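Worksheet for the structure shown next.
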Amino acid sequence: MSETPPDRLSSNPNSPFYDEAVLMRGVGILFNGQEKTNVDEYCVSEGWVRLVAGKALDRQGNPMTIKLKGVVAPYFQSGDAAES
């Protein structure tokens with residue numbers, strides 16, 4: 001597996017950009033210099049993230065998301081950072 005996260009990744013199993021192996025490894029997201037923990041999907045090349053918006057659900061029962069544009073910097077979380 002490469003040392004850089006993919007350009008686009010989704011945590012939704014119905015998405016074509018879902019990759020369970022990468023998600024199990026642990027991916028962190030820096031969005032405009034701030035760490036985000038509620039990211040549902042991101043795209044580095046297009047510069048956007050989809051964030052889960054509270055507990056609201058759409059008609060199909062999926063979490064509602066909002067799309068924000070900015071600088072996206074994904075990284076693999078190390079074992080030490082996940083524990084602290």
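The values are calculated or read from the model by the stated rules, or taken from the named source; none is laboratory data. This structure is a prediction, so every number in the text was calculated from the model and none was measured. Neighbour counts run over all protein chains shown; Cβ positions are idealised from the backbone, glycine included.
Below, the figures for the structure above:
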item	result
Test: residue in region 18-40 that is surrounded by 11 or more Cβ atoms within 10 Å (Cβ to Cβ), part of a strand (DSSP E or B), among the basic types (Lys, Arg) and touching a residue at least 24 places away in the same chain (Cβ under 8 Å)	no
Restricting region 12-37 to residues that are polar (S, T, N, Q) and modelled with pLDDT under 95, the residue that is farthest from ALA73 (Cα to Cα)	ASN14
In region 1-17, the residues that are part of a loop (DSSP other than H, G, I, E, B) and surrounded by 13 or more Cβ atoms within 10 Å (Cβ to Cβ)	PRO5, PRO6, ASP7, SER11, ASN12, SER15, PHE17
Single unsatisfied condition, GLY61 versus (1) at negative phi; (2) loosely packed, with under 13 Cβ neighbours inside 10 Å	(1)
